[in-house]
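Shown next, in structure tokens, is the structure this report addresses.
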Amino acid sequence: MTAQGLRSGTPRADSLAHNYHPLPVTVATAEGAWVTDVAGRRYLDLLAGYSALNFGHRHPALVDAAVRQLGRVTLTSRAFDHDLLHPFADALARLVGPLTAGGGPEGRGAMVLPMNTGAEAVETAIKTARKWGYDVRGVPPGEATIVVATGNFHGRTTTIVSFSDDPDALRGFDPYTPGFRTVPYGDVDAVADAVDDTTVAVLMEPVQGESGVVVPPDGFWPALRELTAARDVLLVADEVQSGLGRTGTTLACELWGVRPDLVTLGKALGGGILPVSAVVGRRDVLEVLTPGTHGSTFGGNPLACAVGLAVVDLLATGEPQARARALGETFHARLAALVGAGLLDGARGVGLWAGLDLDPARGTGRDLCEALLARGVLAKDTHGSTIRIAPPLTVSAEDLDLGLSALEDALTWLASPR
Ligand code: PMP
């Protein structure tokens, strides 16, 4: 088989593991909110890499930063410092630090620990919380517990799937890591009941992404903040998907004026170019990690820092967040109209982010995504008859309108007798 044959997608050897069921489209190039497949057909990308592409495909400033860095140095490992490592940490601490409980003026009380993937950031937060629990809180060895939510998604490592309640993510990967207590998402009384002297952290998504963009009741995060502060338990917000502009704010926690102790960031931090993640938060907590206790060959590498710095620069202007807020208003109004017209069972979300429920009698989420694909729009089902829409925050109002019209058309088609 020629390289070209492989690239065009036909013929295809069955050498790729089957851990995904992608939609039948083979992307060749992309720019902004649009991708082009190997046959030259264009699609509006309303998934945006599960929020990894908040700034669209190949944002010029991000590509520039990457290309410039490719000509300088790309990897040192953490055995040596490089000249963008501290600037990146400082810039991210300035942007996100004040939004955490580590915030003081200019984020001086905050620290940044760079990693690569979202799951690694979550693992880092779990390890940090446990070590803080033993070293600072005096939890007896081996007894630390962390309270998590039903419907959570935090990644795919063996420890993280140990507290997933999605059977596909969980089953067959035991023995599971102990030390997690699951309570219903959005129920602060259940969290209070689950917290005891062994509890070192409450770890939750401010808005649950993979669960179908589930926004908790307004009082939930403020009550979590109050409870965890009173019990000296760390509040850890997994903002890997919700953070960095998606909800119309830099962090989703800002929606409720809540400053968590630790925040995990990922996806959009890499600008859609490479995996970049980080834990940001209280210096006195992250300081429990000392040389040798945690690390990553690639975490904070020069290329990652160059792109990450450019991402922070974009967010520091406040423009992506403002766009998500402004476009989000018309976006949710149009989705509500689709619910009103009986084309959708439900639509929820915040900013430029929505979970849509189709009447299961009309089809699965997959059916809807295939109908959208046929109309030149990319989206992805989460589970059952629910799909998620997360356009790049750079999408134009006209393109978003086009995408929503395609959605209306696809829903009308699914509702009609076939
Ligand atoms: N946390 C959340 C909230 C996520 O949505 C995801 C990915 N969907 C992750 C963690 C894991 O990120 P990654 O796939 O980069 O490991």
Relative to the longest principal axis of the C-alpha atoms of the chain, give the angle of the C-alpha long axis of helix 85-96, reported between 0 and 90° and rounded to the nearest 10°.
-> 80 degrees
DSSP beta bridges in segment 63-316, what fraction antiparallel, as a percent rounded to 5?
-> 45 percent
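Could you order the peptides 119-128, 408-417 from most to least packed, using the average number of other C-beta atoms within 10 Å per residue?
Highest-to-lowest ranking by the protection proxy: 119-128, 408-417.
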Helix axis angle, 319-340 relative to the chain longest principal axis, alpha carbon, degrees | 50 degrees
Convex hull volume per residue for the chain, taking Cα atoms only, in Å³ | 156 Å³
For segment 37-56 and segment 186-204, distance of Cα centres in Å = 38 Å
Report, ordered by chain and residue number, the lysines lying within cross-link reach of Lys267, taken as a straight Cα distance under 19 Å and ignoring same-chain residues fewer than 8 apart.
-> Lys380
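Let me check I've understood the local charge: for Pro391, count other residues with C-beta under 13 angstrom from its C-beta, Lys and Arg +1, Asp and Glu -1. What total comes out?
On the way: positive: Arg246, Arg323, Arg334, Lys380, Arg388; negative: Asp45, Glu398, Asp399, Asp401.
So the surrounding residues net to +1.
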Net +/- balance of residues flanking Ala169 in space, Cβ distance below 13 Å, scoring K and R +1, D and E -1 | -3
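Read-outs: derived from the displayed coordinates by stated rules, not from any lab. None of the values given here were measured: they were computed from a predicted structure. Neighbour counts run over all protein chains shown; Cβ positions are idealised from the backbone, glycine included.
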